[in-house]
Amino acid sequence: MEGRSFGLDVLRTVSVWMVMISHVSYWCEPVPSGIYYSVIKPLLLGVEPFFVLGGFLAAISFQSVIEKNNGVVYASDGRAYIKRRWLRTFPNYFLFLLVYSLAFYVVKPDFSFDITYLFFAQNLYWLSPNFFSISWSLATQEWFYLLLPFLMIAVGFVVPALKKINPLLVAATALIIFSFCGRYFYLEQNIVLDLEGELRRIALLRLDSVGIGVLFGYFYFSKKEYFIKNAIILFFIGCVLVVSLSYLRRNDSFNSLYWVQMLFYPLFSLSIALWMPFFYNMPRDSTPFVARVFENTSKWSYSIYLSHVLFLDAIYIVGKKMGIVFEAGWLIYCLIALWVFVTYMASALIYRYFEKPWLKYGK
């Protein structure tokens, strides 16, 4: 496995900032429609790079295993990967699941906990309840990273003819096809009018976004010289596609088209995947402060992602009780600064004293 990439830290940081900005926008309502459709709505897609990035990193991890084992992934390799993955994600997930549950019981005495959250099944083939809403993307990734090693292990045993093909390629392709089939059957059974709800947030319909990251990682390391040589061109093409798709997504008529609902998110993920060679090989910023901002935000990004909505809503509820009017103005900007500070401080502490200690058990 190769060393840590500063460029991927930058991408992870920018993505979590996009998510934060999109969520804090409701403090400044009413947001002019032009700003909402041009800025806020595209920022909602800030979570999408996490899918592709996660898949790309999974490809790095498994490619080294496959090369070491002469083209095979053993059960012990799969168990080791899943163990590392779960130690990285489970502690924080269940910590915040508990915190969110307690907060909901306080705010809504009639709140009833949905047990599906314990198994990452809250949005498996349906929309999750209006609780711990940001967990939809985590559930999507957990299912992918559980199924991927299982399929790679099974490839050589179930279908001997596939032994000559890279198991990472076979497994990722199978999950992409599975996701396309799931989307097809879902659209056959349900009327979907836009790209915002089911098609973006249902886990089994989004596995292909992570799979595209895996496939791109596979091809990147197979043809590394080509991708490094053309990194800037691919990054530019990816940016053009991301901007174009984000612009088209503003149109409700476009969003309701069947082929758009089938292909939009895979195409968006492929567009982001084109950024990977550029970011993966980006040199570390020579300014120590700037470099530390990106590296620390990246390290804390999981805690930031899980905690920022909790602190956002807490400050909003307290502010409302104090009679604060949440619309654009210096007071709200001060509260936003407070929210960012609290989120960062809490995330840094959680990473240092809770999240990081678990990681040593995965070594």
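All conditions in (1) closer than 16 Å to ARG12 by Cβ; (2) crowded, with 20+ Cβ neighbours inside 10 Å hold for VAL214, with the sole exception of (1). Please verify whether region 208-227 includes one or more residues that are over 22 Å from LEU57 (Cβ atoms) and in contact with a Pro (Cβ under 8 Å, 6 or more places away or on another chain). No: zero hits. Among the criteria (1) surrounded by fewer than 20 Cβ atoms within 10 Å (Cβ to Cβ); (2) closer than 22 Å to SER22 by Cβ; (3) touching a helix residue (DSSP H, G or I) at 6+ places or on another chain (Cβ under 9 Å), the one SER301 does not fulfil is (1). For region 163-176, indicate whether the set of residues that are farther than 24 Å from PHE219 by Cα and either in contact with a strand residue (DSSP E or B) (Cβ under 7 Å, 6 or more places away or on another chain) or part of a helix (DSSP H, G or I) (or both) is non-empty. No; the residues of region 163-176 include none that is farther than 24 Å from PHE219 by Cα and either in contact with a strand residue (DSSP E or B) (Cβ under 7 Å, 6 or more places away or on another chain) or part of a helix (DSSP H, G or I) (or both). Across region 314-360, the qualifying residues are those that are within 20 Å of SER301 (Cα to Cα) and of a type in the set (Lys, Arg), and the one among them that is farthest from the chain's Cα centre (by Cα) is LYS360. Of all residues in region 49-68, those satisfying the criterion of being among the small types (Gly, Ala, Ser) and at pLDDT below 95 are SER61, SER64.
Say whether the condition of being within 16 Å of MET262 (Cα to Cα) and free of Cβ contacts under 8 Å to residues at least 40 places away in the same chain is met by at least one residue in region 126-149. No, the conditions are met nowhere in region 126-149.
Within the bounds of region 193-207, is there any residue that is touching a helix residue (DSSP H, G or I) at 6+ places or on another chain (Cβ under 6 Å), surrounded by 16 or more Cβ atoms within 10 Å (Cβ to Cβ) and of a type in the set (Val, Ile, Thr)? Checked region 193-207: no residue is touching a helix residue (DSSP H, G or I) at 6+ places or on another chain (Cβ under 6 Å), surrounded by 16 or more Cβ atoms within 10 Å (Cβ to Cβ) and of a type in the set (Val, Ile, Thr). Residues that are over 16 Å from CYS181 (Cα atoms) and touching a Leu at 6+ places or on another chain (Cβ under 6 Å) were ranked within region 251-269; the one that is surrounded by the most Cβ atoms within 10 Å (Cβ to Cβ) is PHE268. When each of TYR302, TYR351 is tested for being assigned to a helix (DSSP H, G or I), at pLDDT 95 or above and touching a Lys or Arg at 6+ places or on another chain (Cβ under 7 Å), the lone residue that passes is TYR351. Every condition in (1) modelled with pLDDT of 95 or more; (2) closer than 22 Å to LEU274 by Cβ; (3) aromatic (Phe, Trp, Tyr); (4) under 23 Å from the mean Cα position of the chain (by Cα) is met by TYR226 except one, and the failing one is (4). Looking only at residues in region 247-280 that are touching a Phe, Trp or Tyr at 6+ places or on another chain (Cβ under 8 Å) and of a type in the set (Ser, Thr, Tyr), which one is nearest to PRO49 (Cα to Cα)? So, considering only residues that are touching a Phe, Trp or Tyr at 6+ places or on another chain (Cβ under 8 Å) and of a type in the set (Ser, Thr, Tyr), the one nearest to PRO49 (Cα to Cα) is SER269.
When you look at SER137, is it at pLDDT 95 or above, assigned to a helix (DSSP H, G or I), over 22 Å from the mean Cα position of the chain (by Cα) and not basic (Lys, Arg), yes or no? Answer is no for this residue. Considering (1) surrounded by fewer than 16 Cβ atoms within 10 Å (Cβ to Cβ); (2) touching a residue at least 24 places away in the same chain (Cβ under 8 Å); (3) acidic (Asp, Glu), the lone condition that ASP114 does not fulfil carries the number (2). Among the residues of region 241-272, the one identified as under 14 Å from ARG200 (Cα atoms) and basic (Lys, Arg) is ARG249. For region 192-263, the helices (runs of 4 or more DSSP H) that sit wholly inside it and include 1 or more residues that are within 27 Å of TRP143 (Cα to Cα) are 198-201, 207-222, 231-248, 252-255. Scanning region 270-297 for residues that are part of a helix (DSSP H, G or I), surrounded by fewer than 22 Cβ atoms within 10 Å (Cβ to Cβ) and not aromatic (Phe, Trp, Tyr) turns up LEU270, PRO288, VAL290, ALA291, ARG292, VAL293, GLU295, ASN296, THR297. Return the pair list, or none, for Cβ contacts closer than 6 Å from residues in region 307-318 that are at pLDDT 95 or above to residues that are not in a helix (DSSP H, G or I), at least 6 apart or on different chains. Close Cβ pairs satisfying both conditions: VAL309/ILE134. Filtered by the rule that a residue be in a helix (DSSP H, G or I) and in contact (Cβ under 8 Å) with a residue 60 or more places away in the chain, region 319-343 gives ILE332, LEU335, ILE336, TRP339, VAL340, THR343.
The values are calculated or read from the model by the stated rules, or taken from the named source; none is laboratory data. Owing to the predicted nature of the structure, the values given are computational and were not obtained by experimental measurement. Heads up, the Cβs are rebuilt from the backbone with ideal geometry, glycines too, and the neighbour counts pull from every protein chain shown.
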